[in-house]
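Following: one structure in structure tokens, then a few remarks.
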Amino acid sequence: MNLNEFKWTRQPKSFEIKDGTISVTTLPHTDLWQRTYYHFQNDNAPVYQVKTDEKYFSFIVKTSFEESHHRFDQCGIVMYLDSDNWIKGSVECENDKFQHLGSVVTNNGYSDWATTEIPADVKSMWYRFSRREDDYCIECSDDGEKWKQMRICHMAKGDGEIQFGIYACSPEDSSFTAVFSDMQITECTWKAHDGQQPD
């Protein structure tokens, strides 16, 4: 991947890009969330993205978060169109027993959050983000080989040019360094459905 084509949406205070690896140090009180349940709007997490109008592709990245230690510390994949329309997938720190592997889909200014608990000692995760026109799939993997589906969703504003990439943030009074590596774009690995035909 050509990282020179990526651009920051809200550049972090501290980051390093070297040999295809990106390190991002988060600032406290940075997050992405819109309205639902909490009734607040947080839209200040640093996002590093590339634009494309390609309708079918997959994006893979490995995340490492050895320093993650405080509730809600997180890093992962993102498709950030604007403050009211975006997707993210990540591991969020919770406590010394478990953390949340999950995804958020935000359409027209309202977020949802789907999660599953994983052990607190997991400190790396692979993600694969796939596009089929205006529908999207997020998968995760422990090793970059065996993938598990996390989410299939539709994006109301996801049918034209999009931008996607990585993000990291610390919603509470915390900071940590997230490391992103092994980034690649491939042909779409999320194949067309082979069951019931469209209406």
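The values are calculated or read from the model by the stated rules, or taken from the named source; none is laboratory data. Worth saying up front: this structure is predicted, and the values here are computed from it rather than measured. Using ideal geometry, Cβ is built from the backbone for each residue, glycine included, and neighbour counts are taken over all protein chains shown. Please note that ligands, DNA and RNA were not included when accessible areas were found on the heavy atoms of the full protein model with its side chains. Shrake-Rupley method; radii C 1.70, N 1.55, O 1.52, S 1.80 Å.
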Exercise for the section: Could you please find all residues in segment 48-85 being touching a Leu at 6+ places or on another chain (Cβ under 8 Å) and farther than 16 Å from LEU101 by Cα? Expected result: TYR80
Problem - Sole exception among (1) touching a helix residue (DSSP H, G or I) at 6+ places or on another chain (Cβ under 9 Å); (2) not in a strand (DSSP E or B) for VAL50, by number - result: (2)
Fill in the blank from the handout: The condition from (1) closer than 26 Å to VAL24 by Cα; (2) open to solvent by 10 Å² or more (accessible area, probe 1.4 Å) that ASN107 misses is numbered (1)
Practice task
Filter segment 141-167 for residues that are within 16 Å of VAL61 (Cβ to Cβ), open to solvent by 10 Å² or more (accessible area, probe 1.4 Å), in a strand (DSSP E or B) and of a type in the set (A, V, I, L, M, F, W, C) and give the result.
Solution key: MET150
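Each row is one residue, and each column tells you yes or no for (1) in a strand (DSSP E or B); (2) more than 25 Å from SER23 (Cα to Cα).
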residue	(1), (2)
LYS62	yes, no
SER68	no, no
ILE77	yes, no
ASP96	no, no
GLN99	yes, no
SER111	yes, yes
Fill in the blank from the handout: Contact list, first residue from segment 20-38 and over 22 Å from HIS69 (Cα atoms) and of a type outside the set (Phe, Trp, Tyr), second anywhere and open to solvent by less than 10 Å² (accessible area, probe 1.4 Å) and outside any loop (DSSP other than H, G, I, E, B), beta-carbon distance below 7 Å, six or more apart or interchain, is GLN34/THR106; GLN34/SER111; ARG35/SER111; THR36/SER111
Exercise for the section: Taking the residues in segment 168-187 that are assigned to a loop (DSSP other than H, G, I, E, B) and under 27 Å from GLU92 (Cα atoms) as candidates, determine which candidate is most open to solvent (accessible area, probe 1.4 Å). Expected result: ASP173
Practice task
Specify which of the listed residues (THR25, THR36, THR21) is closer than 23 Å to ASP112 by Cβ and either open to solvent by 20 Å² or more (accessible area, probe 1.4 Å) or among the hydroxyl-bearing types (Ser, Thr, Tyr) (or both).
Solution key: THR36
Handout entry: Failed item in (1) charged (D, E, K, R); (2) open to solvent by 50 Å² or more (accessible area, probe 1.4 Å); (3) touching a residue at least 24 places away in the same chain (Cβ under 8 Å), with ASP73 passing the rest
Key = (2)
